[in-house]
Amino acid sequence: MLPEIDEENFNNVTNEILADISAWRKGMIHYIKEENPELNSAIIELANKTDLDPKAVATGAYMAYILIENASKKQDELLNFEEE
């Protein structure tokens, strides 16, 4: 089950993206290339195979990835705190 993406997480990520969407996307390409190269390849392949703007498709996929990653980290922190 995926963790809940709260409003704070969404707002933080959205603000970071909108500050400089091109730089953010480029940074995510490099980040995910290190963290999960297969996923990065799949995102780029899908983005290039659609009739949609490839940069927009990739940005959406990267946004979803980082939102889920942040929510997972927060959930893990809460669970670890409760165990102590």
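Residue by residue through segment 60-76, which ³J(HN,Hα) values in whole Hz follow from phi under the Karplus form 6.51 cos²θ - 1.76 cosθ + 1.60 (θ = phi - 60°), with glycine and proline marked x?
Using θ = phi - 60°, the values come out as x, 5, 5, 5, 4, 4, 6, 4, 5, 4, 4, 5, 5, 4, 5, 4, 4 Hz.
Which of these, N40, N15, N70, has the largest mean-square fluctuation under a Gaussian network model of the chain (Cα springs below 10 Å)?
So, out of N40, N15, N70, the one fluctuating most is N15.
Given (1) 72; (2) 67; (3) 77 as candidate values of percent of Cα pairs over 14 Å apart, which corresponds to the one derived from the coordinates?
(2)
What relative contact order, as a whole-number percentage, does the chain give when Cα pairs under 8 Å and 6 or more residues apart are counted?
Numbers: 42 pairs, mean separation 35.2, N = 84.
In percent, rounded to a whole number, it is 42.
Taking the chain as the reference, fit the longest principal axis to its C-alpha atoms, fit the long axis of helix 7-19 to the helix C-alpha atoms, and give the angle between the two in degrees, 0 to 90, nearest 10.
Roughly 30 degrees, rounded to the nearest 10.
Ranked from the most accessible area to the least, with a 1.4 Å probe and all protein chains present, what is the order of S72, S41?
Details: S72 40, S41 70 Å².
Result of the area sort, largest leading: S41, S72.
Just to confirm, what accessible area per residue do you get for the chain at 1.4 Å probe, in whole Å²?
Values: 6170 Å² over 84 residues.
Computed with neighbouring chains in place, this is 73 Å² per residue.
Where the accessible area of the chain is counted over protein heavy atoms with a 1.4 Å probe, how much of it, in %, is carbon and sulfur? Spell out each step's value before the answer.
Values: 3430 of 6170 Å².
Roughly 56 percent of what the probe reaches on the chain is carbon or sulfur.
The values are calculated or read from the model by the stated rules, or taken from the named source; none is laboratory data. Since we're looking at a predicted model, the values are computed, not measured. Remember, those area values only see protein heavy atoms, side chains included, never the ligands or the DNA or RNA. Shrake-Rupley method; radii C 1.70, N 1.55, O 1.52, S 1.80 Å.
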